[in-house]
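Quick notes on the structure that follows.
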Amino acid sequence: MTLIADTAPSSTSGLVAPPEGATTRDVRAWVERVAALTRPDEVVWCDGSESSRAELVEVGVRAGTFIPLGEAQPDSYLVRSSEDDVARVEDRTYLACPDPADAGPTNNWRDPAEAEAELTGLFEGSMRGRTMYVLPFSMGPVGGAISQLGVQVTDSVYAAVSMHVMTRVGAESLALVEGGQPWVACLHTVGMPLVDADGNEVEDVAWPSNDVKHIAHFTQSREIWSYGSGYGGNALLGKKCFALRIASVMGRDEGWLAEHMLLIRVTSPQGKSYHVAAAFPSACGKTNFAMMQPTLPGWKVETLGDDIVWMRPGPDGRLRAINPEAGFFGVAPGTGYSTNPVAMKMLDAGGTVYTNVALTPDGDVWWEGKTKEKPELLTDWRGRAWTAADGAEGRKAAHPNARFTVAADQCPTLADDWDHPDGVPVDAVLFGGRRASNAPLVTQARDWEHAVFLGATLASEQTAAAEGPVGVLRRDPFAMLPFTGYNAADHWQHWLSLGESLGESRPEVFGVNWFRTDDDGSFIWPGFGENCRVLAWVVARLEGTAGAQDTPAGLLPELGDLVTGDLGMPEGALEKLFAVDPEAWGVEADDTEEFFTKFGDKLPSALTAQLTELRSRLDALKG
Ligand code: GTP
Ligand code: SPV
Ligand code: MN
């Protein structure tokens, strides 16, 4: 095959941006151009049917990528990635947009023409000897008013199978794409052709990848190019690349929001239901909260989403939310029968793809936190023998960012209407980080500007979800630090403006923190199902039945209003969860100022005013 001459500028592939004069790309011509560039042996269009998914899995099994599991895990597979391709690569993730100020100080930026030229060089022949899968998909119910379309090409059978679980792949989406609807172009290659530069055959491996990695977002032309990684958010392009980075840009331009949030419906013992969206950074408890089993009698939580929410003002003027995904790509370690029994039931039902977990001798899976007792003998996530003695020495059997991929409709607590195209009205939004100190268990924003301040100043200890140091506290505004497709300060302004236009019907906003620790480093709050106690207070505030104390951290519960009497917490523990130390908060304010300064005159003045107000409240507290 050769490049299609009339659409290919000489210097680059001509893949970025639709041909001049066209509002959307012609999908068949685009796929042809991609194939001409990457030169796969074969191009396979996926129709999303169960049989085509099963065929893909078969290909994966033959390649050694998918390891079939035993009886305890019906129709489920284990996949082991290479040891250096286990998480998102934030330092190699970038936005390609004309103005660097549009990326801002918290994103990596590349000039679009330079990025396209470099990527074109890398993609040239990158699929030789492999099959290129074409996956037309929808994020959100196909054809829904809040939904969006995409087409991913990939030479990874793991990515192709995972996209079938995580998005709506198939003929219906293709028909809309071919009918002229706009769609996001998603190119993915693992960057390991099976033919070398001299034309010699290269032997395949179970997890192909490349040391060189690029996760590139052309935010103007709504195009994603991902090179060199097969893992998660690097490779399942519907997820972070599209549904957060590209979609956040669409939302900025069109008046809606794409956020790193779970979505639930909580119903009180009185039978009143509310919808809560919550933004927590990666591996900070979204899946757990979304599948919570409330410990308080009479309360019910239904799952709508665990990672991404798209919200836009509906005809009634309220913010309406959908979960654009169709499956869960959840963190395995820490997910267990005691902490998240709903997730365990969902996984044990079968049809699950596990990545980087440990294998038991009888073909079951295990990870740290799945059960209290550690098994005697396992094969660890790297495929090596592991014994309880290794565990005692701290060698992990599963990678800390090991994941499960499972269809949403397997979740026992999934709401019946979870995929209604019009979504649900949002009553409350929570922002939460992993904070050993300062951040209270729960606080309510005083008003919308304070709400945006809570989001903008969110900080969290880093987890294994991305490469980098674990445990280090970093600013993670709106839990979107690695996911906002434009300048974070413009994102804050977007929230301020949208809140203004929503007026009285905007949601109430709260900050939460399950992770405050005692002097000995142990968590003070029991968390998991007990987090319903915080939800109950949120609902009481929505219903106007609970009071609050105004503090520099926001509106805190009257401690007697939070139902904790039966928890057997040690004396003084509750006070510790809500302590606002003016000295420590002063340091926090200085740190916030330093962070805000990075954004120069992009910083909304409402946030500067919030910081000034925080400081004067702290001064008043000091006396
Ligand atoms: P991403 O998929 O990376 O966006 O993460 P997530 O926010 O969905 O994370 P998840 O719910 O899978 O949580 C990951 C880790 O947080 C697990 O190790 C859990 O055990 C732990 N965790 C979740 N909820 C709580 C809680 O209430 N308290 C404590 N102490 N740990 C929690
Ligand atoms: C996260 O890191 O927030 C995830 C996993 O949800 S990934 O899809 O790999 O980004
Ligand atoms: Mn996430």
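The values are calculated or read from the model by the stated rules, or taken from the named source; none is laboratory data. Being a predicted model, the structure only gives us computed values, none of them experimental. Positions of Cβ are generated from backbone atoms using ideal geometry, with glycine treated the same way; all protein chains shown enter the neighbour counts. Calculation scope for accessible area: heavy atoms of the full protein, side chains included, ligands and nucleic acids excluded. Shrake-Rupley method; radii C 1.70, N 1.55, O 1.52, S 1.80 Å.
At least 3 residues being among the small types (Gly, Ala, Ser) and within 29 Å of PRO604 (Cα to Cα) is the threshold, and among the helices (runs of 4 or more DSSP H) wholly inside the range 488-581 those reaching it are 488-502.
When only residues in the range 412-421 that are in a loop (DSSP other than H, G, I, E, B) and either touching a strand residue (DSSP E or B) at 6+ places or on another chain (Cβ under 6 Å) or open to solvent by less than 40 Å² (accessible area, probe 1.4 Å) (or both) count, which is nearest to ligand 1 (Cβ to nearest atom)? Can you show your working first?
Within the range 412-421, the subset in a loop (DSSP other than H, G, I, E, B) is 412-413, 415-421.
From what's left, either touching a strand residue (DSSP E or B) at 6+ places or on another chain (Cβ under 6 Å) or open to solvent by less than 40 Å² (accessible area, probe 1.4 Å) (or both): 413, 415, 418.
Values: THR413: 14, ALA415: 18, TRP418: 16 Å.
Looking at the filtered set, the residue picked out is THR413.
Looking across the range 587-623, the residues that are closer than 19 Å to ARG475 by Cα, of a type outside the set (Phe, Trp, Tyr) and assigned to a loop (DSSP other than H, G, I, E, B) come down to LYS598, LEU603, PRO604.
Against the list (1) buried (at least 24 other Cβ atoms within 10 Å of the Cβ); (2) within 13 Å of ligand 3 (Cβ to nearest atom), the condition LEU319 fails is (2). Can you confirm whether PRO313 is more than 25 Å from MET480 (Cα to Cα) and away from ligand 2 (no atom under 16 Å from the Cβ)? In short, no.
Within the range 322-329, is there a residue that is open to solvent by less than 20 Å² (accessible area, probe 1.4 Å), free of Cβ contacts under 8 Å to residues at least 60 places away in the same chain and either more than 16 Å from ligand 3 (Cβ to nearest atom) or among the charged types (D, E, K, R) (or both)? No: the range 322-329 contains no residue that is open to solvent by less than 20 Å² (accessible area, probe 1.4 Å), free of Cβ contacts under 8 Å to residues at least 60 places away in the same chain and either more than 16 Å from ligand 3 (Cβ to nearest atom) or among the charged types (D, E, K, R) (or both). Checking LEU430, LEU481 one by one, the residue that is under 19 Å from the mean Cα position of the chain (by Cα), within 16 Å of ligand 2 (Cβ to nearest atom), closer than 24 Å to ALA589 by Cα and not assigned by TED's automatic domain parsing to the domain that holds ASN356 is LEU481 and no other. Scanning the range 512-532 for residues that are open to solvent by 10 Å² or more (accessible area, probe 1.4 Å) and more than 10 Å from ligand 1 (Cβ to nearest atom), which turns out nearest to LEU562 (Cα to Cα)? Once the filter is applied, the top-ranked residue is ASP518.
Every residue, every condition in (1) open to solvent by 50 Å² or more (accessible area, probe 1.4 Å); (2) more than 15 Å from SER156 (Cβ to Cβ), yes or no:
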position: ARG28; (1), (2): yes, yes
position: VAL31; (1), (2): no, yes
position: ALA35; (1), (2): no, yes
position: ARG39; (1), (2): yes, yes
position: ALA54; (1), (2): no, yes
position: GLY64; (1), (2): no, no
position: GLY70; (1), (2): no, yes
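Just one of the listed residues (ARG474, ARG541, ARG506) is among the basic types (Lys, Arg), within 16 Å of ligand 2 (Cβ to nearest atom) and open to solvent by 40 Å² or more (accessible area, probe 1.4 Å), and it is ARG474. If the condition is being at positive phi and in the same structural domain as PHE523 (by TED's automatic domain parsing), then the range 394-427 contributes only GLY423. Which residues, taken from the range 286-316, are outside any strand (DSSP E or B), of a type outside the set (Ser, Thr, Tyr) and surrounded by fewer than 24 Cβ atoms within 10 Å (Cβ to Cβ)? Within the range 286-316, GLN293, PRO294, LEU296, PRO297, GLY298, TRP299, GLY314, PRO315, ASP316 meet the criteria.
In the range 264-284, the residue that is nearest to GLU90 (Cα to Cα) out of those that are within 13 Å of ligand 3 (Cβ to nearest atom) and open to solvent by less than 10 Å² (accessible area, probe 1.4 Å) is PRO281.
Table: residues versus (1) of a type in the set (A, V, I, L, M, F, W, C); (2) within 16 Å of ligand 3 (Cβ to nearest atom).
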site	(1), (2)
TYR158	no, no
GLY179	no, no
VAL190	yes, no
GLY199	no, no
ILE215	yes, yes
PHE218	yes, no
SER226	no, no
LYS239	no, yes
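Looking at GLU461, is it within 15 Å of ligand 2 (Cβ to nearest atom), in contact (Cβ under 8 Å) with a residue 24 or more places away in the chain and open to solvent by 30 Å² or more (accessible area, probe 1.4 Å)? Yes. Only one entry in THR355, THR405, THR371, THR335 is hydroxyl-bearing (Ser, Thr, Tyr) and more than 16 Å from ligand 3 (Cβ to nearest atom), namely THR371.
All of THR12, THR7, THR23 fail the test of being at pLDDT below 65, farther than 30 Å from PRO361 by Cα and open to solvent by 50 Å² or more (accessible area, probe 1.4 Å), apart from THR23. On inspection, ARG33 fails the criterion of being at pLDDT 95 or above, within 28 Å of ARG384 (Cβ to Cβ) and of a type in the set (Lys, Arg). The residues of the range 556-568 that are open to solvent by 30 Å² or more (accessible area, probe 1.4 Å) and touching a residue at least 40 places away in the same chain (Cβ under 8 Å), listed by number, are VAL563, LEU567. Scanning the range 341-352 for residues that are within 16 Å of ASP306 (Cβ to Cβ) and either more than 16 Å from ligand 3 (Cβ to nearest atom) or more than 21 Å from the chain's Cα centre (by Cα) (or both) yields PRO341, VAL342, MET344, LYS345, MET346, LEU347, THR352.
May I ask you to list the residues in the range 83-102 that are in a loop (DSSP other than H, G, I, E, B) and crowded, with 18+ Cβ neighbours inside 10 Å? ASP85, VAL86, ALA87, VAL89, CYS97, listed by residue number.
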